[in-house]
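Visitor: The structure is given below, and queries will be raised subsequently.
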Amino acid sequence: MQNILFIFLVGCFFSGPSAAQSYPDKPITIVVPFSAGGSADILARMVSGGLTVSLGNPVIVENRTGAGGTIAAAYVAKTPPDGYTLFMGVTATQTIAPFIYKNLQYDTEKDFRPIILVAQIPVVLVVNSGIKVDSFKDFLVLARSQTTPFSYASAGTGGISHLTGELFQSQTKIPFTHIPYKGASPAMVDLLSARVDMMFDHLPTVLANIQNGKLKAFGVAGSQRAKALPQVPTLRESGVMGVEVNSWFGLLAPAGTPDAIVSKLHREVQKYLQRPDVQARLASIGAESIPMSAETFSKQIEFDRKNWGKLIQELNL
């Protein structure tokens with residue numbers, strides 16, 4: 001009996017490392033909670049390309065949209081914790097959703113294991129070119145004068161673009177009408193065609209249209225100016241206080257994923273993100289990679305969860 005127990009324990013001891021050594025031996029899927037073309041999708045496709053090369057194994061991206069990214073999060077939370085289904089988590093799905101959705105189908109604290117922070121991205125206030133003012137000050141004057149409030153698009157209820165708009169309304173005391181979409185790309189289509197007036201969006205999604213003049217950038221919702229848009233002041237610089245958001249994108253796995261697999265993925269993604277060409281690509285789209293351990297990333301998520309929870313309660317959303 002003792003011999004049998006000994007063999008069993010030895011088998012358990014070596015099964016984890018051996019599984020990690022053979023990982024991956026089939027395609028890996030990174031699930032993105034928003035439509036193709038948005039910031040989460042752009043970053044996921046960058047990471048998938050890097051991992052495909054470094055792991056010598058296909059890494060594909062799957063877009064699952066709806067309910068502010070929570071449909072995709074709930075799906076990944078219920079997949080086997082074997083490292084073959086990963087999640088491009090965002091601030092909204094991991095730190096805001098618990099305070100917005102009453103019947104959330106996953107637990108942001110218990111159902112996921114953070115792997116690595118991929119990038120932090122500034123959020124920018126943009127308006128369509130049909131808004132005939134060229135400064136933030138004049139835009140505020142125009143917005144206050146509207147008998148029908150300006151509309152603002154978002155990538156979905158409960159997301160960063162929505163919550164930043166609510167913060168903006170609260171701080172400026174100007175009413176706006178929220179129009180939610182299933183992702184940043186369809187929202188951008190209507191913003192460019194002037195079906196909606198404005199949007200708070202992640203810089204990679206709007207940068208090209210700012211540069212070609214199709215959109216006007218009136219402010220950065222952060223503590224400092226965006227490196228890719230040095231001429232655009234922060235909202236704080238323009239006199240609007242309290243509209244500062246931290247928007248991050250990170251790779252997560254279902255809870256229970258083995259340490260060795262998480263460590264391997266963290267190591268490979270970190271090496272990819274530190275490449276000079278990748279750093280240059282991130283900078284060109286307005287994103288910034290900040291090296292941190294999986295443990296530090298986990299603490300960042302918890303810190304943001306507490307802050308957003310407090311803010312959402314204060315705004316009575």
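Visitor: Express the relative contact order of the range 123-220 as a whole percentage, based on alpha carbon pairs under 8 Å and six or more residues apart in sequence.
Guide: Values: 164 pairs, mean separation 46.5, N = 98.
Contact order relative to length: 47 percent.
Visitor: Using Cα springs under 10 Å in a Gaussian network model of the chain, which residue among ILE100, ILE261, ILE131 shows the largest mean-square fluctuation?
Guide: Result for the chain, Cα springs under 10 Å: ILE131 fluctuates most.
Visitor: Right, another one. Taking Cα pairs under 8 Å and at least six residues apart, what relative contact order does the chain come out at, in percent?
Guide: On the way: 608 pairs, mean separation 81.9, N = 317.
Result for the chain is 26 percent.
Visitor: Please build a GNM for the chain, connecting alpha carbons under 10 Å apart, and tell me which residue among ASP41, ASP111, ASP259 fluctuates the most.
Guide: Comparing ASP41, ASP111, ASP259 in a Gaussian network model of the chain, the most mobile one is ASP259.
Visitor: Which angle from 0 to 90°, rounded to the nearest 10, does the C-alpha axis of helix 39-55 make with the longest principal axis of the chain?
Guide: Once rounded, one gets 30 degrees.
Visitor: Given the -39500 (n - 2.57) contribution per DSSP H run of 4+ residues, what per-residue ellipticity at 222 nm results for the chain, rounded to the nearest 500 deg cm²/dmol?
Guide: Values: 11 runs with 136 residues, N = 317.
The helix-only estimate for the chain comes to -13500 deg cm²/dmol at 222 nm.
Visitor: How far, in degrees from 0 to 90, does helix 294-315 lean away from the longest principal axis of the Cα atoms of the chain, to the nearest 10?
Guide: It is inclined by approximately 40 degrees.
Visitor: Against the longest principal axis of the chain, how steep is helix 2-22, in degrees 0 to 90 to the nearest 10, with axes from Cα atoms?
Guide: So the helix axis and the longest Cα principal axis differ by about 40 degrees.
Visitor: Mind telling me which of THR157, THR52, THR95 comes out most flexible in a GNM of the chain, alpha-carbon contacts under 10 Å?
Guide: THR52
Visitor: What lysines does LYS137 reach when the alpha-carbon gap must be under 29 Å and sequence neighbours fewer than 8 apart in one chain are set aside?
Guide: LYS173, LYS214, LYS216, LYS227
Visitor: When Lys and Arg each count +1 and Asp and Glu each count -1, what net charge do the other residues less than 15 Å away from GLN274, Cβ to Cβ, add up to?
Guide: On the way: positive: ARG267, LYS271, ARG275, ARG281; negative: GLU268, ASP277, GLU288.
With Lys, Arg at +1 and Asp, Glu at -1, the net is +1.
Visitor: Using a 10 Å cut-off around each Cβ, can you sort LYS132, LYS306 from fewest to most neighbouring Cβ atoms? Please list the in-between numbers first.
Guide: Details: LYS132 7, LYS306 11.
Going from sparsest to densest Cβ surroundings: LYS132, LYS306.
Visitor: Starting from the Cα of LYS182, draw a straight line to each of the lysines and keep only those under 20 Å, dropping any in the same chain fewer than 8 residues away.
Guide: Leaving aside lysines fewer than 8 places away in the same chain, those within reach of LYS182 are LYS102.
Visitor: Shifting gears a bit: Can you give me the distance in nm between label points at LYS110 and SER193, each placed 7 Å from the Cα along the Cα-to-Cβ direction?
Guide: The two pseudo-label positions are separated by 4.5 nm.
Visitor: For the range 174-230, I need the span (max minus min coordinate) of the C-alpha atoms along each principal axis, in Å, sorted largest to smallest.
Guide: 29, 27, 19
Visitor: For ASP259 and ALA208, FRET efficiency with R0 = 35 Å and r from the beta-carbon atoms, rounded to 0.05?
Guide: 0.30
Visitor: What is the diffusion coefficient of the chain in µm²/s, taking the Kirkwood radius over Cα pairs and the Stokes-Einstein relation at 37 °C with a viscosity of 0.692 mPa s? Walk me through the numbers before you get to the answer.
Guide: Working: Rh = 20.5 Å.
Answer, rounded: 160 µm²/s.
Visitor: Suppose every K and R has +1 on its Cβ and every D and E has -1 on its Cβ; what is the size of the dipole of the range 123-220 about the Cα centre, in Debye to the nearest 20? Mind dumping the intermediate values first?
Guide: On the way: 8 positive and 6 negative charges, 23 e Å.
Roughly 120 debye for the range 123-220.
Visitor: While we're looking at this one, here's another question. Which residues' amide hydrogens lie under 5 Å from the amide hydrogen of GLY219, considering only partners 5 or more residues apart or on another chain, with H built in the peptide plane?
Guide: Counting only residues 5 or more places away or on other chains, the set is LEU125.
Laboratory data are not the source of any read-out in this text; all were calculated from the coordinates shown. These numbers were taken from a predicted model, which means no experiment stands behind them. Methodologically, a virtual Cβ is constructed for each residue, glycine included, from the backbone with ideal geometry; neighbour enumeration extends over all protein chains shown.
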